[in-house]
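Novice: Before I ask anything, let me first share the structure, which is written out below as C-alpha cells.
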Amino acid sequence: MAEIVSLSDAVRELVADEHVVALEGFTHLIPHAAAHELIRQGRRDLTLVRMTPDVIYDQLIGMGCARKLVFSWGGNPGVGSLYRFRDAVEHSWPVPLELEEHSHAGMAAAYAAGAANLPFGVLRGYAGTDLVAHTRVAFVECPFTGEQLAAVPAHRPDVGIIHAQQADRQGNVQLWGITGVQKEAVLASRHSIVTVEEIVDEFERRPDSVVLPSWVVDAVACVPRGAHPSYAHGYYERDNDFYVAWEAISRDRDVFTAWMREHVLEGVPA
Amino acid sequence: MTRAGAGGVGSTEPPRSAGAGLAGAGTWTSDEMMAVAASRRLTNDSVCFVGIGLPSLAANLARRTHAPGCVLVYESGTIGAKPTSLPLSIGDGELAETADAVVSVPEMFAYWLQGGRIDVGFLGAAQIDRHGNLNSTVIGDYATPKVRLPGGGGAPEIATSVSDVFVMLRQSPRAFVERLDFKTSRGDRVRFVVTDLGILELRGGELELVRVHPGVSVDQAREATGWELRVAPDIEQTEPPSRTELAALRALETKGRE
C-alpha cells in the first residue's frame, strides 16, 4: 500500500546515491518538483533513465547528480539545445556523463519489458544505424519466422518517479490526458514515488484515465504545481515561456548555478 | 547547428530572415516556402507522423487547405489531433483535447508506427548524405563530440516503418555532407527533401534536385551541397505559394508560434 508522505521524506527513504532512477512524463506531467528534491538532498552518481531528458534532466545533470544517462532524445522541445546536458557530454562539466542512447521505440520497448518482468524488449529497430555500435542492443532471430529483430535490455530502475493529477486517501493514483510511458515506468521499477496535484476523498471515474492501484506505488506526496513548467491536464497549462527562457538560463554555467541556487536550493521543500 | 535535429521528427531551425520570393501573392519567407512545398505533398488520406516546427506547420497547413482529411499523429500519443494553433511541444494539451484517440507511448511506437499504420513520417536532421541517411546525434566523434545534438528520438524507426519519409532541412554544405558524422536513421524510404532552395527526390538511391524555389538558381543549390549534386533533366520551378496558402499559413503562425 502506498503511504501518503511528504516529498522530502519519500525521496529520503527511497532514493539513494548510485540508484537507477526514472523520472517519466512525456511532455505532460513531468515530475519537476521531485527532481528539485533530489537536487536539494544532494543525490550523486545516479543513473538517470528517461526518454526525453528535457529541462528536468538538464537541471539534475547541471547540478552534478548524474553519472549516467539512459535516453532517446535530449533537447528542449520546440526550443533547441539542452546546454547543461551538452556541457556534460562535450566538456565533462560538472562531472563526466556516461551515455546509453536508444531510440524512442527502443526505450518504450525496454520499459514495457520491465513492466512485464521480461529480460528484454523486442522490436523492429536500430538496424542500419550507428546506434548499434554505441548502445546496449542485440539482434535475435524470431523462432517462428527467422526474422532478425532488435532486443533491448529491460529497464528495471530502482525507483520510478512520476507526477499525476490525483490520488485518493488510500494512495490510489489517477492520471489522464497524455499518459506517455508512466504506467510502464512505475511497474518496471522496484519502488515508486508519485507526486500529485491533489488528494481527493474519492476519484471521479474517468474512462480514459490510467489508474495505478495503491499496492503498486510506494509513496504518494501531494505537490500542487509539481509538474511546472510542464503541465497537468485540467489543472494548469504548459509554461511555454519558461521553456524558451531556459535557453538563456542554461547556456552559461554561472547563470545556471545562480538560478538553481535561488529557485531550487533555497526553494521551500515540499 | 545547435538547434538542429530537435524533435527527432522534425527540426526547429531558427527562422532565417529571408524574403525568399516576390510574386502575385506578395512576399514570403524561406520557412513559409518550405512549409508550403511540403504541405502540397500530403493528400487528403495521408496519415502522418508529425514533429514540431516546420513539419507541424506543413501538416497543419495541408489540413487547412487541400487535405482536410489528413490525419496528424504526434509521437506523444495523440492520433488525429486537430490543433487550432501550432503547438510548441509535441505533447501540448490541445493535441490531446482535439485528438480522435490518445494512446500510451509504448502503444504509439509498437501498434501504430511499427504496426505499419502510418503513411508519412517527417524527419529533420543536422546532416544528410546523398542517399537520404540522416544524422541528428553528434557533430564530430561520438565519444568526444564537437556538438552533442539531441539524438534520434523517434527517427530510427520512423525511417523504416512509414511508407514515405519527408525530410525538411535547410540546404548548406555543412548540412548536405559527403559523409555523415553519425548515421541516426536510414535513407531507403526518403521520398523527398524540402530545403530552403528547392526539392530533392531520391531517385535510384541518390538525391536529385527536381525543383528550385522561385528566385533560386540551380548553381545556388549546387554550391549549398557538399557533394556533386545530381540535377534532374526535367527540373522545374516550385509553384510560388498562393494567396490561400499564405493566408492559411499566417493564420496558423500568428495563433501559436514561439
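Just so it is clear, none of the values below were taken in a lab; they were calculated from the coordinates. Just so it is clear, the model here is predicted, and its values are computed rather than measured. Neighbour counts run over all protein chains shown; Cβ positions are idealised from the backbone, glycine included.
Novice: Answer rounded, prolate or oblate for segment B:19-256, using the Cα gyration tensor with square roots of eigenvalues a ≥ b ≥ c: rounded when a/c is under 1.5, else prolate when a/b is larger than b/c, else oblate. Write down the numbers at each step before the final one.
Specialist: Values: a/c = 1.70, a/b = 1.11, b/c = 1.54.
Here segment B:19-256 falls in the oblate category.
Novice: Here's something else I'd like to know. Of all beta bridges DSSP finds with both residues in segment B:19-256, what is the antiparallel percent, to the nearest 5? Numbers along the way, then the final one.
Specialist: Details: 23 of 42 bridges.
Expressed as a percentage, antiparallel bridges in segment B:19-256 total about 55.
Novice: Identify the residues of segment B:98-136 with backbone N under 20 Å of a label point that sits 7 angstrom from the Cα of A:ASP208 along the Cα-to-Cβ direction, or state none.
Specialist: Within reach of a label on A:ASP208, which here means backbone N under 20 Å from a point 7 Å along Cα→Cβ, segment B:98-136 contributes B:98-113.
Novice: Explain nothing, just the number: dipole magnitude of the protein assembly as shown about its Cα centre with +1 on each Lys and Arg Cβ and -1 on each Asp and Glu Cβ, in debye rounded to the nearest 20. Intermediate values should be presented prior to the final figure.
Specialist: On the way: 48 positive and 67 negative charges, 135 e Å.
For the protein assembly as shown, the charge dipole is close to 660 debye.
Novice: Now for a separate question. Just need log10 I(q)/I(0) for segment A:45-170 at q = 0.15 Å⁻¹, Debye formula, equal scatterers on the alpha-carbon atoms, no solvent, rounded to two decimals.
Specialist: With one equal scatterer per Cα and no solvent, log10 I(q)/I(0) is -0.77.
Novice: Count the DSSP beta bridges whose two residues both fall in chain A, then state the antiparallel fraction as a percent rounded to the nearest 5. Display every interim value, and only then the final one.
Specialist: Details: 15 of 46 bridges.
Bridges in chain A are about 35 percent antiparallel.
Novice: So for the protein assembly as shown: antiparallel DSSP bridges make up what percent, rounded to the nearest 5?
Specialist: If I count the DSSP bridges inside the protein assembly as shown, around 45 percent turn out antiparallel.
Novice: Once the Cα atoms of segment B:101-152 are picked out, what are the Rg and Dmax in Å?
Specialist: For segment B:101-152, the Cα-based Rg and Dmax read 14.9, 42 Å.
Novice: Still on this structure, please answer the following. Provide the per-residue ³J(HN,Hα) series for segment A:179-185, in order, calculated from phi with Karplus coefficients 6.51, -1.76, 1.60 and θ = phi - 60°, each as a whole number of Hz, with x at glycine and proline positions.
Specialist: Per-residue couplings from phi come out as 9, x, 10, 5, 4, 5, 4 Hz.
Novice: Between segment A:147-210 and segment B:63-126, how many Å separate their Cα centres?
Specialist: With segment A:147-210 and segment B:63-126 each reduced to a Cα centre, they are spaced 22 Å.
Novice: Moving to a separate point now. Counting other beta carbons within 10 Å of each residue's own, what order do B:ILE90, A:ILE56, A:ILE249 fall into, fewest first?
Specialist: Working: B:ILE90 28, A:ILE56 22, A:ILE249 19.
In order of increasing Cβ crowding within 10 Å: A:ILE249, A:ILE56, B:ILE90.
Novice: May I ask you to derive the relative contact order of segment A:75-129, considering only C-alpha pairs under 8 Å and at least 6 residues apart, and to give it as an integer percent? Mind showing how you got there, number by number?
Specialist: Working: 28 pairs, mean separation 10.6, N = 55.
It rounds to 19 percent for segment A:75-129.
Novice: Please list, in order along segment B:152-161, the HN-Hα scalar couplings obtained from phi with the Karplus expression 6.51 cos²θ - 1.76 cosθ + 1.60 (θ = phi - 60°), rounded to whole Hz, x for Gly and Pro.
Specialist: Whole-Hz 3J(HN,Hα) from phi for segment B:152-161: x, x, x, 4, x, 8, 4, 4, 10, 10.
Novice: Okay, moving on. Taking H placed 1.01 Å from N in the peptide plane, check which residues at least 5 places from B:GLY51 or on another chain put their amide H under 5 Å from its amide H.
Specialist: Under 5 Å from the amide H of B:GLY51: B:SER56, B:PHE122.
Novice: Could you tell me the relative contact order of chain A? Use alpha-carbon pairs under 8 Å, at least six residues apart, and round to a whole percent.
Specialist: About 25 percent, as a whole number.
Novice: Using a Gaussian network model on chain A with a 10 Å cutoff between Cα atoms, which of A:ALA105, A:ALA164, A:ALA188 fluctuates the most?
Specialist: Most flexible of the set in this elastic network: A:ALA105.
Novice: Work out Dmax and Rg for segment A:146-217 from the C-alpha atoms and quote the Rg first, both in angstrom.
Specialist: Cα-based Rg and Dmax for segment A:146-217 come out at 14.5, 53 Å.
Novice: For the protein assembly as shown, what is the Kirkwood estimate of the hydrodynamic radius, computed as the reciprocal of the mean inverse distance between distinct Cα atoms, to one decimal in Å? The partial results should precede the final answer.
Specialist: Values: mean 1/r = 0.0431 Å⁻¹.
The answer is 23.2 Å.
Novice: Just want to confirm a number: the relative contact order over chain B, from Cα pairs under 8 angstrom separated by 6+ residues, in percent. List each step's numbers first, then the result.
Specialist: Numbers: 627 pairs, mean separation 53.8, N = 258.
Here the relative contact order equals 21 percent.
Novice: Then there's this: If you average over every viewing direction, what projected area does the convex hull of the Cα atoms of chain A give, in nm²?
Specialist: Numbers: hull surface 57.8 nm².
Orientation-averaged projected area of the Cα hull: 14.5 nm².
Novice: Among A:PHE26, A:VAL140, A:SER214, whose Cα sits farthest toward the positive end of the charge dipole of chain A (+1 at Cβ of Lys/Arg, -1 at Cβ of Asp/Glu, about the Cα centre)?
Specialist: Looking along the dipole axis, the top candidate is A:VAL140.
Novice: Using a Gaussian network for chain B with springs between C-alpha atoms less than 10 Å apart, which of these wobbles most: B:VAL103, B:VAL36, B:VAL167?
Specialist: Comparing B:VAL103, B:VAL36, B:VAL167 in a Gaussian network model of chain B, the most mobile one is B:VAL103.
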